[in-house]
Each structure stands twice: as C-alpha cells, then as structure tokens.
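In what follows, a single structure is set out as structure tokens and then discussed.
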Amino acid sequence: MPEQQPKLVMENIVKEFPGVKALSNVQLSLYPGEVHALMGENGAGKSTLIKVLTGVYSIDQGSVTLEGKPVHINSPLEAQENGISTVYQEVNLCSNLSVTENIFIGREIKKYGRLAWKEMHQHAEKLLEKLQLKIDVTKLLSSYSVAIQQMVAIARTLNVSAKILILDEPTSSLDRDEVHHLFAVIRQLKKEGLAIVFVSHFLDQIYEITDRLTVLRNGEWIGEYKTKEIDRMELVSKMIGKELQQMDDISSKSTVNQEKIPASFLKADEVGVKGKIDPFDLEMRKGEIVGIAGLLGSGRTEMARVLFGADRADKGKMKVDGKEVNFSSPRNAILKNIGFCSENRKSEGIIPELTVRENMILAIQSIYGWFNYLSKLKQIKIAEEYIELLNINPANPEHLIKNLSGGNQQKVMLARWLITNPTLLILDEPTRGIDIGAKTEIMKLMTRLSKDNKSILFISSEIEEILRTCNRIAVLRNRKKVKEFYNDKELTQQDLMKEMAGGM
Amino acid sequence: MINRLSLDYKQLPLLATISLFVLMFSFGSLRYTGFFSTQVFLNLFIDNAFLIVIAVGMTFVILSGGIDLSVGSLIALTSMVAASLTMEAQLSPWIVVPISLLVGTVFGVVQGALIHLYNLQPFIVTLAGMFLARGLSYVISVETIAIDHPFFSYMASIQIPLPGDNFISISVVIALIVVVIAIFIGHFTNFGRTVYAIGGSEQSAMLMGLPVGRTKILIYTLSGFCASLAGLIFTFYMLSGYGLHANGMELDTIAAVVIGGTLLTGGAGYVAGSVVGVLILGIIQTIIVFEGTLSSWWTKIAIGVLLFLFIILHRVIVLRSEKKQASN
Amino acid sequence: MIKSMLKSSLFWPIIVLLLILMINLFFDSSFFSIEVRNGHLTGSLIDILNRGAPLMLISIGMTLVIATKGIDLSVGTVIAMSGAIGAMTIASTDGTGLGPLFMAIGLSLLICTLVGCWNGLLVSRLGVQPIVATLILMVAGRGVAQLITGGQITTVYYDPYSYIGGGYLLALPFSIFIVAFVFFVAVLLTRKTALGLFIEAVGSNPDASRLAGINSKNIMLMVYMFSGFCAGVGGLILSSNVMSADGNNAGLWFELDAILAVVIGGTSLMGGRFYLMGTVMGALIIQSLTTTIYSIGVPAEINLVVKAIVVLIVCLLQSPEFRRKVFGFGKVKRSGEQKEREGVTLS
Amino acid sequence: DESGGNDEVAGDNTEQEEENDAEETDSDSGEEESNDQSGEKLVIGFSQVGAESEWRTANTKSIQDAIKDAGHELKFSDAQQKQENQIKAIRSFITQKVDAIVFSPVVETGFETVLQEAKDADIPVFLADRSVDVEDDSLWVTFLGSDFVEEGRKAGNWLLEEMADEEGPVNIVELQGTVGSAPAIDRKEGFEEIIGQEDKFEITKSQTGDFTRAKGKEVMEAFLKSDGENIDVLYSHNDDMAIGAIQAIEEYGLKPSEDIKIIGVDAVKGAFEAMADGKMNVTIECNPLFGPQLVDLIEQHFAGEELDKRIAVEESMYTMDQAEELLPTREY
Ligand SMILES: Nc1ncnc2c1ncn2[C@@H]1O[C@H](COP(=O)(O)OP(=O)(O)OP(=O)(O)O)[C@@H](O)[C@H]1O
Ligand SMILES: Nc1ncnc2c1ncn2[C@@H]1O[C@H](COP(=O)(O)OP(=O)(O)OP(=O)(O)O)[C@@H](O)[C@H]1O
Ligand SMILES: [Mg+2]
Ligand SMILES: [Mg+2]
C-alpha cells in the first residue's frame, strides 16, 4: 500500500480551544483501500482531528493535502463535495425527519424536478439491508433506539460515492451482530478503494478490521503503526502513556458471596408497558449486579426506563424495600434511592449549557430539593473528587460539558449518579464511548458498589462485560423477558447468545 | 398498513385542527341564521387571504426554529410604497408591483444575512426589522394614502363567480396558489427538507453537510417576499397605504401557524396546517361578529375563551390518540 | 482583567448604555447632574431609573420564563389588569387610612400571580406551547381589564396609592426600591438556592432534567407565576404613577420591550443560562433610549427608525462574529468557528 | 315611547319604507313618533373602532343605548383598531342582511370595495365619528361626526386670544396622538394652521404620547427635563395625555395652567376635574354622545328623507371658569 500515492495527508495540525490545546502537531496519512484507526484515550483529540478535517472547526496551523492537492475545507458541506463522508461520534441526524430523509437529505433523488419519495424509500430500505437492518423507513428517526440511529447514520454515508469514509465510534452502541454486518460492508468498501478512518475503543474490533493505526495522546501525535505489528499491551501503553494494570480484580463472579441470599431491594411483578415491554418479573437484591442481555431493540432500555419511572408502567406491581410503589416520574424513583444513567447521553443525559460541576451535582441537588442548596465550595469539592476518580479530562469543574469529549461526558453522567449514592443503580450502556482504562475503572467501581451492598442493573451490548461482572443475567428478546440465568461457572457466551437470538 | 398508521400519527395534530374547524363551523351554523352558507366559508378566505400568505412564509421560518416579527410592519411598508409610487410618483402598476414585492424580499435577505452571518437571535433582528419597516412607512407619510388607480380598483373589486351565487376575490386565488407552491416547496424540494432538518437540529444539519447558511437566508427572504405579497393583497383589500396597517398582525400570524400545529421550536408542522390555523382565527372572529351582542371587552374575552377551548380540545384529542397509537 | 471584562456578558450592554447616555450629554450638558429639589433627588438619570422601573420588573420575570425556553406574552395585559384591580379596589372602599392601599396591593398581586399560575398550568401540565398559552390571556386579559374598569379611565382619589409609583424614600423614588427588592429576591432565589440551576437545566435540556429528578413542571409553573407577580407589581407602579387605571392602553406592547430587554441582557431565547443583571441593563438601555428620543426632539414619525437602529447596533456589538469582522480582533472567521462558539455538542 | 309595543309587530320588513314615507310627510322633528307609527324595527349593524379610550367607550355606549332605546335590534362588532376586522364585520353584516350599517372607520381609506358590496346589497351605510376618503359619496348616506381639523383650529384660536397681549416668543410643546391616526393628524393640522398666522408662536417640541396618560406623563417629563423653564404652552391632542402631563409638570415643580398653559381636546370628565382644580386652561369638546342624533338620522333615512352628506356634531369649548359648574353634568 505505502507505494501508492496517499489519498489524504494531514501535517502538523494544531488546534486550540480556549484553555485547551486539543491538537498539537498531529499527522495523519490515508491510503486508498485501507482502514486506518485513530486510537487514544477519551479526550485525546480523535474527534477534534476529524472535525478539523471536515471543516467543522478551522485549523489553527498545519496543512491538509487531498490527492496531492492542498485543500482548505471550511464546512462539512465542502468536505462532502471533496468526497469526504463522515459519521460523527454522537448521532448527528435530525430526529424529526424520517429514516429515509435522514439518509437522503442533501442529495435527494429527484424526478421531474421534485423529490421522488417512493424511490428514496426503496433505496433506503436497500441500504439498510446491506447492514441487515429491516425497519420501517417512513417512520421518524426519533422512534428508534440509539443503536438504530447509529446504523442509519452509517447508511447515510454509504449512500454517497465517497473517496474517504470517516467513522467516529460507529460501534459504541452496536451489538456483536451489527458490528459484523458493518464490518462486512467496510470490507466491501475497502475493496472498492475507499480510504476509511475508524475510531473505536474496542481493541478486538481494531485488530479485526484495521490495517494501520495512529495513536494520539493528549492532543499529541504518538506514532503510526501497522496494526499487525503492534501487540495489545504495547498499543495500550502507547495510548495511556504507561502500563495498563491487569483486569484481574474485576471479575465479581468469584467475589460475591452466594451462600446467603441477599436482601431484596426492588421487586417487579408482571410490570409492563403496552407496546414497549411485555410484563416481566424482576428482583433486584442488594449487593448484586444483574445484567440484561438482548439484541438491538429487544427492550432492554424500555425495561430500565419502566423500573426508573421514566415511562409509566401500565401493568403490574412494583415493590421497593417491601413497600408497594408507583413511579409516575423519575423523581419518585430517585427519592427511593434509584439512579439511572441513560444510554442516550446527548438527548437524555447532559445539560449542554451547564458546567461539569453543575451537571454532576444535578441529581443529588434534586434530591435535596431546591431550597437546600449545596454550597459552591462543596459542589467544587464533590466535582473535583469525581473528576479525579473517573479521570475526567480536562480536570476543570467549570468547563462547559458540551465542550468535553464524548467519553468524558459519559464519565460525568456516571459521576452524577454515583454522587447520589443510590441503592439501585441502573446503567444503560455506561461504557459507551469510554476508553479501556476508564472502562476497567468503571467495572471495578461496579464491583466495589456491589460489595457496598448496592444493587446494580447493568445493560451492555458486550456479552463478555456482562458475563464478567454480573451475578445474574436476564435475557430479553422481542421486548419480552425470556430467561434469567445465574451466572455460575457453567454459563457461557453461547448459552446467552442462543437465548438472545431465539432459543433452541 | 404500517405506512398509513405512521402517516396518521404525524398528521394527527393537523387532523385534529381540521375537525375542530368543522366543529366550530357547525356550531356557528346551528346557532346563527345565515351562518351556514358557502359564502360565509369563502369569506374566511377572502378576508384572510393576506394572512394566509404571510402565514405560509412564517411557517417556513418557524419550521426552521426561527421567528419573523417583521411581517406585519412589512405589510404596512409595502402598502405605503405601493400607494406612494402609484399616487405620488404616478408610476404604472407594472413597475409598482415588482418594486413593492422587492421591498419585503430585500428586508428578508438582510434580516436573514444578519441572523446567519453574525449569529444573532432571529427574534431581535426581526423585531428591529419590525420597528424599522413601520418607521419607514411613517417616514414616507404619516397619513394614509388612498389609492385611486384603475388597476388597483380592478384588483379590489373583481369577483370570481363560483357556482351557487358565490364568489371569491383575486386575492384568494393568489393566496391559494402561494399555498400550493409552498406545499410543494416544503415536501418536494430539497430546500424544504433542509428547512425541516435545520428546525430539527441546526447543528446536525450542519454536520450532515447541508447548506444551513444559505437556507436560513433564503427562509427569511421567502418570508419577506410573502409579507410583501401579502402587503400587495392587503393593498388591494384596503386600496390604501397606511403606516398603521396590519398593526400587531405578526402575532396573529404566529398564532395561526402555531394553532395549525407547527412547533415553535421548529422541525414539525405543515403549511396546510397554517392555512387551517388562519381559518380557525377567522371563524372565531366570524362567530363573534355573528353573535353581534358582545361589547368590546367581551369580544376580547370571547376570543380568548374560544382560543382556549380550541387548544384544550386539540390537546385532548392529540394526547388521547397518541396514547391509543402507542398501545396499538 | 480587561479580558475577563470583555468576556463578561454585561460588558457590551454597559457600553451601549453609556453611549446612549453620552449622546444625551451632548445635547444637554446638564444631563448627568443630579440635584435636590424639595427633598428629592431629581435628574435625568434618576428619571430613567424611575420610569424604567416597571420595565425592569417585568423583564426580570420574563428572564426566568425565557430561561425555561418559554415566553410570556401576557405581561402587557397583566399590567392593565393589575392597575384596574388596584384602582377599583380602592374605589370600592371608603378611601381612608392605609387599609385600602394594602387591600389593593394584596388583591391585585394575588390575582396577577394566579394569572401567571394559569399560564404555567397550561404550559407545564397541558403541554401547550408557551406562546399560544400566554396569547390566550394576552387577548382575554385586556378584555377583563376593560370589564373591570368599564372601559373608563378610572381616576384614583386616594393619596397613599400614589406612593407606590410616585413616592420617595430616602430622597429616591420608591419604585427604585421596589425594583431593587424584587431583583434582590430574584437573585437570592435563583443564585442562593438551587432554583436557578434547575431553571437553567430545564431550559437547556428538559428531558435530561426530568431524568435527573427535577420536577420541571413545578419549576415552569413557578416561573410563570413569578412573571405574573412581577407584571402585577409593574402594573401597580404604572397605575399609581398616573393615579388612574386604564384598562385599554396600560401595558400595551410591554411584552415586546420586556423580551427585548431580556435578550439584550444576554439571555438566549433558546433557554438555558440567564442573566438577571444583564436584563436590568437591557431594560435600562431601552428606557434611556426612549427618554433620549423624547428629550432630544426626534420627530415622532422616526422614533421607530431610531429604535430599530439602536437595537441592531446593540445586537451587532454583542455578536463576536461582528466584532471580529469589523474591529478585526481575533482570527479570521470561518463558518465552523461560528458554530463552535455556539457550542457544538462535542464528541 | 310608551306605545312602542307595536315595534315588534311589523318585524324587520324594510319594504314598508315607502308606505311610511307616505304616512309621515308632515313630521320631520318627531322621529320617535314616526318610529311608533310605522312600527318598524330595524336591524342595525354597528362596527366600532375599538375600545382604545374612554371617549370611545362613551361613544360606543351612547350609540348602543340609542339604538336599543329606539327599539331597534343591534348587531355590534368591535374592530379592535384593525381595519381588516372592520371590513370583515361589515361583510358579515351584509351576509346577515341587516337593514342598516353604522360604522366608525378605523382609517379613512380603503373601504370602497366593501361599501360597494353594501350598496349592491341595498344596505344604507352611516358613518359615525370619522369619515372615509372615498370618491363616490353615494356609497354612504351621511357622515355624522366631529371635525378634528376644526377642533385643532379652535384650540389655536383660543391660544391666539389668550396670548394676544404676550410679546412672544411663545414656546409650545405638543403631545400628539398615535402617529398616523386621523385625530392626531387633523388636530395638528388645524392647530398649526391658526398659530402659523403669528410669528411669535413656535412649537419647540412635538412628540407622540399615544393618547395615553402614562405616555403623556413620560413624554412631558422628558420635555421638562430638556427645556424646563422655557415651555409656555402645552397643546395635547387629548385630555388624557394632558392629565398625565399635568402630573409631570406638578412633580417638576411648576404650576400647570399658570406657568404652562394647558390645552386639551375631548372634554372628558377628568379634564373638568383638572380645570376645576385650576390645573388646566381649556378643553375643546369632541362630543361622543351623538347616539340619539345618529338614530334620528337613520330613522329619517328610512322615512325617506334626503340627508346632508355631512352633519356635524354639536360641540363647544370649555374653559377653566366654566368647569366647576359643569363638572357634575359630565357623563364620561
Ligand atoms: N468546542 C470545544 N471547546 C473547548 N474544548 C474542546 C472543544 N472541543 C473539544 N475540546 C477539547 O478537546 C479535547 C479533545 O477532544 P476530542 O473530542 O477530540 O476527544 P476524543 O479523542 O474524541 O475523545 P473521546 O474518545 O472521548 O471521544 C478534549 O479535551 C475536549 O475537552
Ligand atoms: N428492529 C427494530 N425494529 C423496529 N423498531 C425497533 C427495532 N429496534 C428498536 N426499535 C425501537 O426502538 C425502541 C427502543 O428499544 P430499546 O431501546 O428498548 O432497545 P434496546 O434493547 O435497549 O436496544 P438498543 O438500545 O441496543 O437499541 C423500541 O421501543 C422500538 O420502538
Ligand atoms: Mg471523540
Ligand atoms: Mg438500549
């Protein structure tokens, strides 16, 4: 490959935000027919590099050469015109438009000078089929889960004849099957000679699909490597700048004492929401981590939302600490010591206009009530404590959260709930977009909480994660709880996957 | 089947608005003699043609998440320009009409450019535009200028007969053409879809590589143009130019658009909805005129109450059917 | 130091305010002078504060409403209602002692707060869009005010009433103290309790706030009630100032001025962060502009043109893009940069 | 009107006009009588400008009462200061087939089309208070109302006389009505026409006070601040603004009516109170209570009489010394 002319060369890129040097002297070169990974911890500057390339941000210094010619790209529109097609980290689509429109807007199919909706719907279905997704494309995007929205965003980029395809953490909310379908498509595109930039915190995926990788650390360029030639430990240490501790102490299976049955905290009895999740039974005991496994759209999020009162159950009974409860709003649940970290951090998590500190203390403050205001000093103390605990970067509590990198925003969301010290913590894809270092940190935290006699409901698309941490695992399929396993030695990934996919 | 349901779901508020309109019309017909006639219905269009036209322009603005407060004043300014050019400068309508249409268009371009280039809040820019346009019409003349020109008189008086002794005015025809074009633009052009996208999320639209800036400027231009066209229609209707014309009409327009189901936060709504919104406001007024016994203040209270009833019923219908939809 | 000043949201409003005052000084050299006349401090500056009191009050209420991504169009008619209720209450009593005064104040503020509550209920419980919800009262409320006064300008013959809007305390107009008090209470409530945080959270991302356990419905309700209350106080001042209640015209177009003041003060109509001090500055800008127009003899017909131009200048000055382009400090603007300032949610 | 019982009997039959005409050739003063005789109950549509001032409210009430007292049916519509509403209302009156339309136009222009429609439908139109600027005067029967220009002239003439002995210069400040409104334009015009005759008069400041007390006070304050001691006369386009201004003058420390002469228009009750207190010099009457006169005219028309196209309302001028005694008689 290297003997070919590179498609894109970025040299000595510098980008500074007020108070933060996001990129200093970063290089990137892309060749046709390669998949190139951008690696780095949260806040390393991966997304910024991408946004600088596609004209979302201006470049302070440095040059970009596209197919041998220097270019100045001033807007995503120009980037697109130059054949650069991008899926940004968060789903950046318009949820008020239909799936079809999201795929085609900006390059609609026209007939007799007007938009040809029928053709576009058909075409959209075909594109999604490539990703093995069958959904009603005329529905609004907002009626689908984040994962599907992510797939739609990917499908959108497949629609253009691009020269460069950029995927910023496309897999963070996808489960294994979807990732496979995506990879199949990527391989196809690679064959067609596209240069592809791929960002992910999953090392397996990096090793599976990429040819070369560029490592960034704190906005600095660390190096460019062939994926085959660098082993995992080395890669990780390049990313974090030191050796990663082993993940041994995460496994909770062995640590949780299963001799005496722990006290029950929450008990759901035939709870359901019509059209969203079929009635299910679930018991959450103190000191226990319960995982929920299921495929995309299997209703995991819905289950969590019902338990938290974000959606109102229209069937069944719920008991907390033996007393019957009826959560009509999240507030009721929070006051009963339940916390819920949503999978959709952009629309249901962060309060963009507020600072990191304010975002963190929001939940605890709402428990205290508005009159009982935490003093600013206390707020800062709490914020700093959790910034340190979760290694949030930049470590400034007064930073606006919207200016944080995606992974760091996620950490702030976690902090918000950890601060409330809930008895039951519901975590919906908490590890989305979080780097490996932080991921282990979060796993450890979960085990520690469970030892503290807290109860955790853990939703994740990564079965290993679930298997590694949970005591019990509920499997959902088609919005129905189909099975509940004790996570003992015999339970394997295959068992779970079989159940998730449809039994037998 | 799925297809149909989802359509219904999206258009539910619109359907609710239409049924409430029918309900109000039936109420009027039962209560007042002479209410139930095609002409009363057609009068809603005749008397509100200009409102329909500005509401169309405003719909695009609101769909994009913006607002345009200058439209009412632009009507006054357009009428003033048209009147003074016709009566004082003695120009022919062939020149007057295009110039008048240009007035609002230019206003729109400038407002749009300010909003986009300097990242100003639409509310303020168009509020300044509102002051400016009305101020300029006073500068032209504080007095009303009556228009006495065959072309304008012709446009004012021409009645297009419809079967059954009914008629509509030329303004209605213009307004309906504008509506049809706008519906086409909204749903069958990429400009229209970009407007919706910007309303959904301007940032996403930008990242998706849509021409956000250009579209925004165009939106305000369109609204300005519609205001001017409405101004001309208004001038036909009034046969005069006057600085106080259409005072406060921007609020009526916004109300009509919002009543018609468009979300003020942008991204959802229909041009057709705004037309029904205008008709709703019109019928509220017609009912009050037919009632004919309300004192000035009771008139206002009655408008408020009718508006309230409408909104409540609308919310109830929409909420209930949403629930039904969800459980299906 | 200078940098932090430049960054402060108050910087440009203050500059504009000073500019307007300087223009006055140019036309009238004694503009800044404050003298003592029968025991009262008088002078144009005091006048601006005094006259601007109702607008400041109403804008303070409006600020909180706007911070929750709402808008309150009914403030103008609430002013009319408040004055009408106040005047009619006094008219219905014997007009001796201070009893009627407190009755008038109590009753009109109570009703105005209830009116705000009504708006709040429509917005928060029924989910009606704020602009429509408050439009209902904007129309109907004036009818009610006219109904109360019978369409007449009701003159109040009861001296204590004049104290609210025309009295003096410590040589300063009493209305200034009212504003200061309400402002102080508002700042206290929003900055010394978590209310401000909650309001900003609800305005910035209502869904996320709900999931964080904030009772956004009650927050909205409260905010509209407060706005109604503020408009009520403003209405009393206005009515007491002319010792009469005018259901027909009192408070006409006030809502637009109030919104303008809020936006000039730096609060975005898209909700989120709010700046009470900025709002007060905004209201003062508008008031001094009005006073300037009257006193330097701008012909009535071009009032609006002047106002439009000033409003535009204020906005442009506040826009970093504009400053960059015109004054040339900072880097060359690029389309992306602008969005970045706006705060693209980062990834 | 005791025998008014047969009002109802005849119903709303307009065809009877001719007969009535024949029956009552002798009476031109006894409209009430004629009403009784014909037993004719008219349906009258009345479109008012709005309720923007107490003058207007009094006017509305006077017309409403007069129509009802005469036993006719009233269809009332308030245009809320919007011409388009007024046109809608008139159009609706036409569809409702009323017998007569009375309206006070919001603006002078722009009523051709709808008036033509009324004419085509054979419905007579009566203009009240304000006139329309329409070539074809066959579109309406008569216009009954005040002459704003004349009011301005009266104000000017009073000032001319009052200041006859003054050396000059006489500095006048003017509080205008709502920019663009007919009374504001005409009262300014009439006033300027008269004072323009002598050089010593000068209007130093002129600003709109929107016809309201609060604005009047605010503007006057600003005038006083900038020109203070030099102001000799205040000419206010209505009494309300004058009353607001009087407060401002007092607060400023001057004596209204002495230090500054005060001229108002309308002759509302408040003005009489102010004059009785010695705070205002003169108010030019603009009489809103012409309802009965209007109803007479309508009935005369239906009785087949020719009416003048322009009929003035009886109005005069009241000065300080008359105030005390007239105050109790003022109705509005
Ligand atoms: N608009 C902005 N304003 C201020 N700081 C910013 C802005 N955008 C990014 N940053 C900062 O730049 C740094 C790099 O962020 P970036 O989003 O590129 O990280 P990343 O490598 O994509 O991380 P993640 O894996 O969490 O997505 C972060 O420290 C972030 O806080
Ligand atoms: N394959 C699908 N077809 C149609 N609708 C789907 C599909 N998948 C998800 N949805 C919609 O998305 C909503 C959210 O599902 P939910 O979030 O509970 O799924 P999940 O199990 O959490 O999966 P994930 O979060 O991984 O997407 C569902 O209510 C459903 O309406
Ligand atoms: Mg990133
Ligand atoms: Mg989910």
| Cβ-Cβ below 7 Å, separation at least six or inter-chain, first residue in the stretch C:183-205 and among the aliphatic types (A, V, I, L, M), second assigned to a loop (DSSP other than H, G, I, E, B) and open to solvent by 20 Å² or more (accessible area, probe 1.4 Å): which pairs? | C:A194/A:W370; C:A194/A:Y373; C:L195/A:W370
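Residue by residue, here is whether (1) farther than 30 Å from B:T265 by Cα; (2) under 23 Å from the mean Cα position of the chain (by Cα); (3) open to solvent by less than 50 Å² (accessible area, probe 1.4 Å) holds:
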{"residue": "B:L117", "(1), (2), (3)": "no, no, no"}
{"residue": "B:T126", "(1), (2), (3)": "no, yes, yes"}
{"residue": "B:F131", "(1), (2), (3)": "no, yes, yes"}
{"residue": "B:V142", "(1), (2), (3)": "yes, no, yes"}
{"residue": "B:H149", "(1), (2), (3)": "yes, no, yes"}
{"residue": "B:P163", "(1), (2), (3)": "yes, no, no"}
{"residue": "B:I177", "(1), (2), (3)": "no, yes, no"}
{"residue": "B:G186", "(1), (2), (3)": "no, yes, yes"}
| remark: Of the conditions (1) closer than 19 Å to B:F191 by Cα; (2) open to solvent by less than 10 Å² (accessible area, probe 1.4 Å); (3) assigned to a loop (DSSP other than H, G, I, E, B), the single one that B:V56 does not satisfy is (3)
| note | Of the conditions (1) surrounded by fewer than 24 Cβ atoms within 10 Å (Cβ to Cβ); (2) within 11 Å of ligand 1 (Cβ to nearest atom); (3) under 19 Å from the mean Cα position of the chain (by Cα); (4) within 20 Å of C:A208 (Cβ to Cβ), the single one that A:N393 does not satisfy is (4)
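Can you find even one residue in the stretch C:221-230 that is free of Cβ contacts under 8 Å to residues at least 40 places away in the same chain and not basic (K, R)?
So the first thing to find is which residues in the stretch C:221-230 are free of Cβ contacts under 8 Å to residues at least 40 places away in the same chain, and the list is none.
No: zero hits.
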| task | Report, by residue number, each residue of the stretch A:177-194 that is in contact (Cβ under 8 Å) with a residue 60 or more places away in the chain and either assigned to a helix (DSSP H, G or I) or of a type in the set (A, V, I, L, M) (or both). | result | A:D177, A:E178, A:I186, A:K190, A:K191, A:L194
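Please determine, by comparing only the residues of the stretch A:35-62 that are polar (S, T, N, Q) and within 9 Å of ligand 3 (Cβ to nearest atom), which one is surrounded by the most Cβ atoms within 10 Å (Cβ to Cβ). Show your work before the answer.
Filtering the stretch A:35-62 down to residues polar (S, T, N, Q) leaves A:42, A:47-48, A:54, A:58, A:61.
Okay, now just the ones that are also within 9 Å of ligand 3 (Cβ to nearest atom), so A:42, A:47-48.
Values: A:N42: 24, A:S47: 26, A:T48: 24.
Looking at the filtered set, the residue picked out is A:S47.
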| So is A:I334 over 22 Å from the mean Cα position of the chain (by Cα) and either within 16 Å of ligand 1 (Cβ to nearest atom) or outside any loop (DSSP other than H, G, I, E, B) (or both) or not? | yes
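This table checks each residue for (1) in contact with a His (Cβ under 8 Å, 6 or more places away or on another chain); (2) more than 30 Å from A:S298 (Cβ to Cβ).
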| site | (1), (2) |
| --- | --- |
| A:G339 | no, no |
| A:T355 | yes, yes |
| A:I364 | no, yes |
| A:K376 | no, yes |
| A:I382 | no, yes |
| A:L390 | no, no |
| A:N403 | no, yes |
| request: Being away from chain B (no Cβ under 14 Å) and under 22 Å from the mean Cα position of the chain (by Cα) narrows it down to one of C:T134, C:T113, C:T155, so name that one. | output: C:T113
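Here is a list: A:E108, A:E101. Which entry is open to solvent by 20 Å² or more (accessible area, probe 1.4 Å) and more than 16 Å from ligand 4 (Cβ to nearest atom)? Explain how you work it out, then say what you get.
Working: A:E101 fails: open to solvent by 20 Å² or more (accessible area, probe 1.4 Å).
A:E108 is the lone residue from the list that is open to solvent by 20 Å² or more (accessible area, probe 1.4 Å) and more than 16 Å from ligand 4 (Cβ to nearest atom).
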| query | Within the stretch A:20-34, how many residues are open to solvent by 30 Å² or more (accessible area, probe 1.4 Å) and not in a loop (DSSP other than H, G, I, E, B)? | reply | 4
| said: Against the definition (assigned by TED's automatic domain parsing to the domain that holds A:V185 and away from ligand 3 (no atom under 16 Å from the Cβ)), how does A:K69 come out, yes or no? | reply: yes
| remark: Within the stretch A:310-334, the residues that are buried (at least 16 other Cβ atoms within 10 Å of the Cβ), away from ligand 2 (no atom under 16 Å from the Cβ) and within 12 Å of chain C (Cβ to nearest Cβ) are A:F327, A:S329, A:P330, A:R331, A:N332, A:A333, A:I334
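Suppose the filter is surrounded by 24 or more Cβ atoms within 10 Å (Cβ to Cβ) and within 23 Å of D:D239 (Cβ to Cβ); does C:A245 pass it? Spell out how you get there, then give the answer.
On the way: surrounded by 24 or more Cβ atoms within 10 Å (Cβ to Cβ): yes; within 23 Å of D:D239 (Cβ to Cβ): yes.
So C:A245 passes the test.
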| request: Could you check, for the stretch C:270-287, whether at least one of its residues is among the hydroxyl-bearing types (S, T, Y), outside any loop (DSSP other than H, G, I, E, B), farther than 23 Å from A:P352 by Cβ and touching a residue at least 12 places away in the same chain (Cβ under 8 Å)? | output: no
| message | If A:T469 satisfies all but one of (1) touching a Leu at 6+ places or on another chain (Cβ under 9 Å); (2) under 13 Å from A:E288 (Cα atoms), what's the number of the condition it fails? | response | (1)
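In the list A:Q80, A:Q89, which residue meets the criterion of being assigned to a helix (DSSP H, G or I), touching a strand residue (DSSP E or B) at 6+ places or on another chain (Cβ under 9 Å) and open to solvent by less than 60 Å² (accessible area, probe 1.4 Å)? Please lay out each step first, then the result.
On the way: A:Q89 fails: assigned to a helix (DSSP H, G or I).
Among A:Q80, A:Q89, only A:Q80 is assigned to a helix (DSSP H, G or I), touching a strand residue (DSSP E or B) at 6+ places or on another chain (Cβ under 9 Å) and open to solvent by less than 60 Å² (accessible area, probe 1.4 Å).
Regarding A:E388, is this residue more than 16 Å from the chain's Cα centre (by Cα) and more than 22 Å from C:A201 (Cα to Cα)?
Numbers: more than 16 Å from the chain's Cα centre (by Cα): yes; more than 22 Å from C:A201 (Cα to Cα): yes.
Yes, satisfied.
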| request: Considering (1) open to solvent by less than 10 Å² (accessible area, probe 1.4 Å); (2) within 20 Å of A:T301 (Cα to Cα); (3) of a type in the set (A, V, I, L, M, F, W, C); (4) more than 16 Å from ligand 4 (Cβ to nearest atom), say which one A:L418 fails and leave the rest. | output: (1)
| message | Being within 30 Å of C:G271 (Cβ to Cβ) and either open to solvent by 30 Å² or more (accessible area, probe 1.4 Å) or among the acidic types (D, E) (or both) is true for just one of C:G106, C:G120, C:G116, C:G127. Which residue is that? | response | C:G127
| query | What residue, of A:K286, A:K276, A:K238, is open to solvent by 70 Å² or more (accessible area, probe 1.4 Å) and either modelled with pLDDT under 90 or within 16 Å of ligand 4 (Cβ to nearest atom) (or both)? | reply | A:K276
| field | Options B:V289, B:V257, B:V275: the member that is within 22 Å of the chain's Cα centre (by Cα), within 13 Å of chain C (Cβ to nearest Cβ) and open to solvent by less than 40 Å² (accessible area, probe 1.4 Å) | value | B:V257
| request: Kindly establish whether A:Q150 is more than 10 Å from chain B (Cβ to nearest Cβ) and within 16 Å of ligand 1 (Cβ to nearest atom). | output: yes
| message | Return the residues of the stretch D:53-84 that are among the charged types (D, E, K, R) and facing another protein chain (nearest Cβ under 10 Å); say none if nothing qualifies. | response | D:E54, D:R56, D:K61, D:E73, D:K75, D:D78, D:K82, D:E84
| If you take the residues in the stretch C:221-244 that are among the polar types (S, T, N, Q) and assigned to a helix (DSSP H, G or I), which one is modelled with the highest pLDDT? | C:S227
| message | For the stretch D:255-282, give me each residue that is within 11 Å of another protein chain (Cβ to nearest Cβ) and surrounded by fewer than 24 Cβ atoms within 10 Å (Cβ to Cβ). | response | D:K269, D:E273
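The values are calculated or read from the model by the stated rules, or taken from the named source; none is laboratory data. Since we're looking at a predicted model, the values are computed, not measured. Positions of Cβ are backbone-derived with ideal geometry, glycine not excepted, and every protein chain shown enters the neighbour counts. Just so you know, the surface numbers come from the protein's heavy atoms only, side chains and all, with ligands and any DNA or RNA stripped out. Shrake-Rupley method; radii C 1.70, N 1.55, O 1.52, S 1.80 Å.
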